[in-house]
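Written out below as structure tokens is the structure these notes cover.
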Amino acid sequence: MKQKNSFFSRFFLLVLGLLSTTQVIANVNIQPENLEKYDSIEVSLLTCSPHEEIYSLYGHTALRWHDLHQSGPFAGTDIAFNWGIFNFNKPYFVLRFVFGLTDYELGPMPFSYFCDYYEKWGSSVTEQVLNLTNEEKMKLEKALQKNLQPENRIYRYNYFYDNCSTRPRNIIEQCVNGKIEYAVREQYTPSYREMVSVCTRNHPWATFGNDILLGIKADFKTTMRQQEFLPENLLYDFDRAQIYANGTYRPLVKERRMPVTPGVQIIENDFPFTPMECAIILLLLSLVLRGFEWKLKKVFIWWDVILMLTQGLAGCILFAMIFSQHPTTSLNLQILLLNPLPLFFIPSVIRGKKTKWQKLLVVLIGLFILGSLFQHYAEGLLIVALSLLTRFRR
């Protein structure tokens, strides 16, 4: 379901307000005179299914710390630790996200509020109660306290390598006495591009945007650990993982629940035409205009300028992505087609002068087509290349 920015802003401000109250609980330094006090503590991995807002299409992960005691100063403490807090209304948020310069924050919030939020959006919340010893719970408590300190709470978010799914996994692994061994998924080695495309399968323009920005490294096969950047993959792996310590194994997950069941999601329609349909329309329009040029014995310079300007501006984006902090965007063969070079030739084209641009364009398109053997291109981009070729004149 689409989420209005104004609503999300109110949600974010409320979360910040909650930090001041829940941090008092989270930062209490309880010395472990004995470990029996942790008998009543449940630690769970929370996996939230996607909803229709663009940033939520990939799901979400958090940790739950729940004290089942019915009495005492901390009885009933029930907190969701969420590494996905961000301010969407911060200046240049989208631009900073694209360039890998976004800071996310760890924020504790009441578990009930966490569930209410996803229930309103129609998302489910799956809870995997972890099979931790009291000593491991104590270590996790200290690790969470350390993570909540002002100097540690904010981290540089990276979509594939350091996100709201990998952070809970890492902190759990660090606090286990022994080693978590994951079951191998046979014949499952998707690329990063393939995994995110599954998440955006109902949103062709989101898929197109991802495919434009992701380079050749996003087409490499991934390992199990790399795949766990997606919450659904981490959930799957945790279900089948075991903790090995002192010569014995025990399941990592001892119980699975669903505190929030899937609800109804309102899906708003995207742009009426898919990227492929738009590319085909562009090709047909280019062929029609070429026919009129042949019939009228004249050149539509204005159409050349429109195509060159669009190609060049899109190329500026891909050129800038070379300097992004996201490793999967630095080497992108689509820059052979979408690059800033045509912008330098536009003034000469407007004045009607002959340029070397068209011959250069043919060479670049040839290399671009060759590059499609090594990198998956955004939908319709090869059709766009044919549209540009219609402008070739001897």
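Projected onto planes of every orientation and averaged, the convex hull of the alpha-carbon atoms in the stretch 278-369 covers 6.8 nm². Rounded to the nearest 0.05, the FRET efficiency derived from the C-beta distance between Ala245 and Glu277 at R0 = 56 Å is 0.50. Using the Cβ of Arg64 as centre and a radius below 9 Å, the other residues enclosed give a net charge of -3, where K and R count +1 and D and E count -1.
Rounded to the nearest 10 degrees, the angle from helix 357-371 to the longest Cα principal axis of the chain is 40 degrees. Length gained on full extension, Ile267 to Glu293: 5.0 nm, using 0.36 nm per residue less the C-alpha separation. The angle between the Cα long axis of helix 341-350 and the longest principal axis of the Cα atoms of the chain comes to about 30 degrees, rounded to the nearest 10.
For every other residue with a beta carbon closer than 13 angstrom to the beta carbon of Cys278, add +1 if it is Lys or Arg and -1 if Asp or Glu, then tell me the sum. Mind dumping the intermediate values first?
Numbers: positive: none; negative: Asp270, Glu277, Glu379.
Here the count lands on -3.
Accessible area per residue for the chain is 51 Å², calculated with a 1.4 Å probe on protein heavy atoms, without ligands, DNA or RNA.
With the alpha-carbon atoms of the chain aligned to their principal axes, the span from lowest to highest coordinate is 91, 47, 39 Å, starting with the largest. Relative to the longest principal axis of the Cα atoms of the chain, the long axis of helix 5-26 makes an angle of roughly 30 degrees. Accessible area per residue (1.4 Å probe, heavy atoms of protein chains only) ranks Tyr161, Tyr55, Tyr104 as Tyr161, Tyr55, Tyr104, with the largest value leading.
What number comes out for the charge environment of Pro150, summing +1 per Lys or Arg and -1 per Asp or Glu over other residues with Cβ under 15 Å away? Around Pro150, the surrounding residues sum to -1.
Please find the FRET efficiency linking Glu173 to Val198, where r is the Cβ-Cβ separation and R0 is fixed at 22 Å, and quote it to the nearest 0.05.
Values: r = 26 Å, r/R0 = 1.17.
That pair, Glu173 with Val198, gives E of 0.30.
Note on Phe344 and Ile180: the model spin-label points, each 7 Å out from Cα along the C-beta direction, lie 5.1 nm apart.
With the helix formula -39500 (n - 2.57) applied to DSSP H stretches of n ≥ 4, the chain reaches a computed 222 nm mean residue ellipticity of -13500 deg cm²/dmol.
The values are calculated or read from the model by the stated rules, or taken from the named source; none is laboratory data. In this text the structure is predicted, and so the values were computed from the model without any measurement. Glycine gets a Cβ as well: all are built from the backbone with ideal geometry, and neighbour counts include every protein chain shown. Only protein heavy atoms, including side chains, enter the accessible area calculation; ligands, DNA and RNA are left aside. Shrake-Rupley method; radii C 1.70, N 1.55, O 1.52, S 1.80 Å.
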